[in-house]
Structure formats: C-alpha cells, structure tokens
Amino acid sequence: MKLGAMKPQRRNRLLLILGLVGGLGLALTFVLKALNSNINLFYTPVQVIAGEVPIGARVRAGGMVEAGSIRRSDGSLEVAFIVSDLAGAAFEIRYTGILPDLFREGQGVVATGTLSQDGVFFAEEILAKHDEKYMPPEVAMALDATRQDPLQP
Amino acid sequence: MWRWFHQWGSPKFFYHRSGALIPVLALASGLILGAGVFWGLLIAPADYQQGESVRIMYVHVPAAILAQSSYAMMAVMALISLIWRLKIADAAVQTVAPIGACITLLALATGSLWGKPMWGTYWVWDARLTSTLILFFLFAGVLALRNAAGQSQTAGRAASVLAVIGLLNLPIIKYSVDWWFTLHQPASFTLTDRPAMPFSMWGPLLMMVVGFYAWFFLAWLIRLRHELVKREIRSDWVQQMMKQ
C-alpha cells in the first residue's frame, strides 16, 4: 500500500493518527524513564549496600537467598538469611512469621520492611519470586544428579 | 486485494459469508479446549517447585496472551475505522471490547489466584501486573466511550482514538519484566530460545492457546453479526432476511 495512492483525506487522517501516537509514545517514554526507579518493585542488594535505601522507611528489597545462610531460631518463627545478587553484593534479612512455600535457598525473594542503621533489613512480609522455568520433578531430580541444565544450552 | 477489502467491508457480504464459520469455530473451540483441559489438568506433569499449582498456567497464560492480542486486533479495527470510515470496523471495535475486558479480567484473576500460593500475595503493584490492569481499564474505557452519547459517530471516533493510543501499553506489558524489577518472572517463551519448559508442559499450553483463540473468534463473530443486523435493521438485506 503506497501512501501516495491513498486519497488525500485518508492519508491526512493516517498521518494525524500516526503523529498523535508517535508524540504520545515519545512523551510516555520520557515519563517512564523519569519514573524508572519508582517503577522498580524492589531495591537490589547493590542499592542496599550503596546506601540508596532510606534508613527506617518502609521499602521493598530483594535478591536471591544465599545457600547455607538460613538461620532459624528454636521455638519461634524468627528467621535470618542473607540475600545476594549472585555478583558479590549481599545483605541480611530478618523476619518473624510464616514464609511462602516457595521460599528456599537459591530462590528469589522480595521483602517489605525497613533497613536499619547497621544494614540489616527487618522484613514484615516476604514474597517468593520464582524463575520462568518449569519442569517435572523427575527431570529436576535427574538434573540435580548430573548438575546439568538442558534448558540452558 | 482492494476488491476483497471492499467486499468484506460490506455488512451484507460479511454477514452472509461469515455464517458458515460459526459451526466450524464452535466445534474447534469445544474440541480443542476440552482436549487441552484434559491434557493440561490430568496428564501434564506437576512442576518441580510449584507442584500442582502450576496447572493454573493452562488458563492464565492463554488468557494473558489473548488479552494482549485481542487488544491489538481491536486497535487495528479502530485504525481502519478512523481512516477508511468503514462501518463494520467500528462495529468490530464495539463488539470486541467487552470480550477483551473479560479475558483480561480472567488473566488478572487467575494470576491473582496463582500468586497467593506461590508468591505469597494476591496482588503487588509491580510493572507487569499494573500494566495489565491498565489494559483492562483501556478495554473498559473503549467500551464506555463507544456506548456513550447514544451510539453516535463521535462516540465511535473517540473510542477508536483511545483504542489506537492504548496500543502504547502493549510493549510496556511485554517488556515490563525486562525493563524493571518485578515480582512476575520473565517470559518462558521467546522467538529465539527454546521454551523454558518440556513439551509435556508446553504441548497442552499451546493447545489451550489455540482453543482460546478459536473461542475468542467465535464469540467475536457472533457478537459482530448480531451488531450488524441491529445497525442495518432498516436496510433491504436485513428486511429480506426477516421476511424469510
């Protein structure tokens, strides 16, 4: 379809709409860029360590639960663990309450709570984040045995 | 190609030609959805982490895919209606909006029910969930605008403009999980990589997606044909049909 072959009236309407959508798209891009940090659901370990998280304010922070870092207390629901970004940055989360079913080592979590002066994050709520991979339990067990991931060529 | 375009743009031609599609689509959606539900809920394996809860995927993912693509189709119809002033395109926008709104609501509801046992919450204001909620409001807005002011032409144009502008939300939904940190995980399916699940899972999922599409086109076609008759009630071809 050639633009020149269209009736002028229709071509003008098309150009008007394209201009409208293009202009609004550009405006929206700038708005989203400006609000970028507000749209992120949680602070990353790097941001927590760098002091970008306001102390004492109610915020969300997240990362991967480090293997072997989970410490549970006897006789209460208190739990402490280290959350990292798998690239060096890490911080400690403390929480009292029931953890979601998917909470485990190597899984992502998003915690809502406050960061204390000494860098410990006191969570009021823990949400589990999972990745986009799905597989039957037998496959997962077989993979654990061989430590190879067929979905990751 | 233009001849074809003009023929199918005529309500009379469209009505008479499209009737034969209804039983085909009805049969296809019934069979495919039935088989997909059976395969997905009874035969497909549970997930190694999520267990049986993963089966919500067989409704949630098709609903989410259809919600977005039905919006794209609505926007294309709106664009045609704005540029070529084709009456049938306006009727198509009007009739697809409520279906799209329902499907989006289904995607949000199943996602919410899935979120509670897995994530630990029904709802979180992350970019993916929020932009999908906006998609629902866009459908609702187009529907409300189209039906405002007594079905006038102006209302139709306003609704079409909103539908086209709302297209901007689609890339935001799609890339929200890559652009920002969200609770929702990134896509399991991409054009370049292998699916992040075995065939025993994506097989039934694909079947459900196809079934959802068949059902969607069936619902749309029935509503559109009904709307065309309503709009053209005074025209010769409708009068002739009524006499028979």
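Out of all the residues in segment A:2-15, is one or more more than 9 Å from chain B (Cβ to nearest Cβ), in a loop (DSSP other than H, G, I, E, B) and out of contact with any Gly (no Cβ under 9 Å at 6 or more places or on another chain)? Yes, segment A:2-15 has at least one match.
How many residues does segment A:38-65 hold that are outside any strand (DSSP E or B) and either open to solvent by 70 Å² or more (accessible area, probe 1.4 Å) or out of contact with any Ser or Thr (no Cβ under 6 Å at 6 or more places or on another chain) (or both)? Give the steps one after another, and end with the answer.
Taking segment A:38-65 and keeping what is outside any strand (DSSP E or B), we get A:38-42, A:44-57.
Cutting the leftovers down to either open to solvent by 70 Å² or more (accessible area, probe 1.4 Å) or out of contact with any Ser or Thr (no Cβ under 6 Å at 6 or more places or on another chain) (or both) gives us A:38-40, A:42, A:44, A:46-55, A:57.
Residues that pass the stated criteria total 16.
For the list (1) within 12 Å of chain B (Cβ to nearest Cβ); (2) closer than 17 Å to A:Glu52 by Cβ; (3) among the aromatic types (Phe, Trp, Tyr), I need the number of the one condition that A:Phe103 fails. Of (1) within 12 Å of chain B (Cβ to nearest Cβ); (2) closer than 17 Å to A:Glu52 by Cβ; (3) among the aromatic types (Phe, Trp, Tyr), only one is false for A:Phe103: (2). With respect to being surrounded by fewer than 16 Cβ atoms within 10 Å (Cβ to Cβ), in contact (Cβ under 8 Å) with a residue 12 or more places away in the chain and small (Gly, Ala, Ser), A:Gly68 fits the description. B:Ala140 meets each of the listed conditions (1) touching a helix residue (DSSP H, G or I) at 6+ places or on another chain (Cβ under 6 Å); (2) open to solvent by 30 Å² or more (accessible area, probe 1.4 Å); (3) within 27 Å of A:Met64 (Cα to Cα) apart from (3). Look at (1) open to solvent by less than 70 Å² (accessible area, probe 1.4 Å); (2) part of a loop (DSSP other than H, G, I, E, B); (3) more than 14 Å from chain B (Cβ to nearest Cβ) and you find that A:Phe91 fails only one, number (2). Only a single criterion out of (1) of a type outside the set (Asp, Glu); (2) farther than 23 Å from B:Gly115 by Cβ; (3) open to solvent by less than 40 Å² (accessible area, probe 1.4 Å) is not satisfied by B:Trp180, namely (2).
Is it fair to say B:Ser112 is closer than 28 Å to B:Leu42 by Cα, hydroxyl-bearing (Ser, Thr, Tyr), under 20 Å from the mean Cα position of the chain (by Cα) and within 14 Å of chain A (Cβ to nearest Cβ)? Judged against the criteria, B:Ser112 is a match.
Mind checking which residues of segment A:48-93 are basic (Lys, Arg), under 23 Å from A:Gln117 (Cβ atoms) and over 16 Å from the mean Cα position of the chain (by Cα)? Across segment A:48-93, the qualifying residues are A:Arg58, A:Arg71. State whether one or more residues within segment B:40-48 are in a loop (DSSP other than H, G, I, E, B), within 14 Å of chain A (Cβ to nearest Cβ) and open to solvent by less than 10 Å² (accessible area, probe 1.4 Å). Yes: segment B:40-48 contains one or more residues that are in a loop (DSSP other than H, G, I, E, B), within 14 Å of chain A (Cβ to nearest Cβ) and open to solvent by less than 10 Å² (accessible area, probe 1.4 Å). Among the residues in segment B:202-209, are any within 26 Å of B:Ile88 (Cα to Cα), open to solvent by 60 Å² or more (accessible area, probe 1.4 Å) and of a type in the set (A, V, I, L, M, F, W, C)? No, the conditions are met nowhere in segment B:202-209.
The values are calculated or read from the model by the stated rules, or taken from the named source; none is laboratory data. From a predicted model like this one, the values you see are computed outputs, not experimental measurements. All Cβ positions, even for glycine, are placed from backbone atoms using ideal geometry, and neighbour counts span all protein chains on display. Just the protein is used for accessible areas: all its heavy atoms, side chains included, with ligands, DNA and RNA removed. Shrake-Rupley method; radii C 1.70, N 1.55, O 1.52, S 1.80 Å.
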